[in-house]
Amino acid sequence: MFQISVEREFCAAHALRIRQTREATHGHNFKLVVTLEGPALDADGLLLDFHALETLVDHIIAPMRNGNLNEIPPFSGGLNPSAEEIARHIANRVRSGLPGLLVGAPAGVRLASVRLTEAPGCAVLYLPDGRD
């Protein structure tokens, strides 16, 4: 099994609801790691071009950069913008964007994980359903 990862950092604010109490809006320097995996390489010895994955991830996080997550879909609809939900949202968007990236890629490439660090020492690891 091979894995590739891309890392990004973005600043964003949010205000969580914790036990029916909304905390004050505050910001974080979120650190993101998106990892794909697959059992084989293509003819060039690649699982997938890093740049293609970087472009997809950059597109996904662009609306979040320097924004208030409570005001950005899907969180503007009432979804609590916790690190867990942010990681799941990013994972879902990566998964929906993968088919376009995988043209010509070896069979079996899939999203392995999304790791989101909210603050030093505080990270979420999301492992999407459907992993073999």
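Values in this text are rule-based calculations from the coordinates and carry no lab data. All of these numbers come straight from a predicted model, not from anything done at the bench. So basically every Cβ, Gly included, is an ideal-geometry build from the backbone, and we count neighbours across all protein chains shown.
When region 6-22 is examined, which residues are found to be buried (at least 16 other Cβ atoms within 10 Å of the Cβ) and under 30 Å from Asp49 (Cβ atoms)? Those that are buried (at least 16 other Cβ atoms within 10 Å of the Cβ) and under 30 Å from Asp49 (Cβ atoms): Val6, Arg8, Phe10, Ala12.
If I ask for residues that are buried (at least 18 other Cβ atoms within 10 Å of the Cβ) and under 15 Å from Met1 (Cβ atoms), which ones from region 113-132 would you list? Within region 113-132, just Ser113 meets the criteria. Scanning region 87-131 for residues that are in a loop (DSSP other than H, G, I, E, B) and without any contact (Cβ under 8 Å) to a residue 12 or more places away in the chain, we see that the one that is farthest from the chain's Cα centre (by Cα) is Val103. Every condition in (1) in a loop (DSSP other than H, G, I, E, B); (2) within 14 Å of the chain's Cα centre (by Cα); (3) among the polar types (S, T, N, Q) is met by Asn80 except one, and the failing one is (2). Is there a residue being of a type in the set (Ser, Thr, Tyr) and either surrounded by 15 or more Cβ atoms within 10 Å (Cβ to Cβ) or outside any helix (DSSP H, G or I) (or both) anywhere in region 23-35? The answer is yes, given that some residue of region 23-35 is of a type in the set (Ser, Thr, Tyr) and either surrounded by 15 or more Cβ atoms within 10 Å (Cβ to Cβ) or outside any helix (DSSP H, G or I) (or both).
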